[in-house]
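What follows is a short report on a single structure.
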Amino acid sequence: MKRLLFYFTILMLITGSCKKDNSANLLSVGDNYQGGIIGYILQPGDPGYVEGVQHGLIVAPADAYDGEWGCYGTELDGSDALTLGSGNQNTQDIVAGCSTTGIAAKICADLVLGGYSDWYLPSLNELSLIYSNKAKIGGFSSNYHWSSSEYDADYAWFVVFETGQETYGGKNGQNEFRPIRSF
């Protein structure tokens, strides 16, 4: 029996059926995946990180979106989170609390792209992580890009894609935005 188990183990190693290295199956930033382009892969210490399992952010393939953040003069409960993992909830809170038509969060929430309907406007930290990988993702203009993170009743956070600067501007201003989804 030991001899049979030994030969079976050798056969598995020779055929590759017992490989521990799954690097050929790993995803990378810039890969086309699930309706968009991988913009960030979670790292140890990130919320939602699971060792041995890849999760991250998928970015819509192009800067085809432009609009206002919405609800200038109104502070929206729950839409002020900045952190990685908070963009989806921010987007839901914006859509629930702001009836202005054509706003960035609503366009993202209503988007169906590549067969996926779970797109949202990224939080400030999510957007900054995407900015750090913009060369691998491609298609970004150097303009201001909205995040889903509210600053106060009149302002919301954005990232200047020419420099990476995080700042805020009037929620009634017209800025570009790029929907994302999680995987």
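Read the figures in this text as sums done on the coordinates, not as results from a lab. Computed from a prediction, not measured in an experiment: that's the story for all the values here. For neighbour counting, all protein chains shown are included, and Cβ atoms are generated from backbone atoms with ideal geometry for every residue, glycine included.
Per residue, the chain reaches -7000 deg cm²/dmol at 222 nm when only DSSP H runs of four or more residues are counted, each adding -39500 (n - 2.57).
For the chain, lysine pairs with C-alpha atoms less than 28 angstrom apart, excluding pairs fewer than eight positions apart on the same chain, total 7. Mean separation of Cα pairs under 8 Å and 6 or more residues apart, divided by the residue count, gives the stretch 25-182 a relative contact order of 28 percent.
Protection proxy ranking, highest mean first, for peptides 81-90, 67-76, 130-139: 81-90, 67-76, 130-139, where packing is the per-residue count of other beta-carbon atoms within 10 Å, averaged.
Please report, ordered by residue number, every helix of the chain (full DSSP H runs) that is 18 Å or longer along its axis going by C-alpha atoms and whose mean Kyte-Doolittle hydropathy reaches 0.5.
Correct list, ordered by number: 2-15.
Converting phi to 3J(HN,Hα) with the Karplus coefficients 6.51, -1.76 and 1.60 and the offset θ = phi - 60°, the stretch 178-183 yields 10, x, 10, 9, 9, 10 Hz in sequence order, with x at every glycine or proline. Computed extension length for residue 25-residue 89: 20.0 nm, one decimal, from 0.36 nm per residue of separation with the Cα-Cα distance subtracted.
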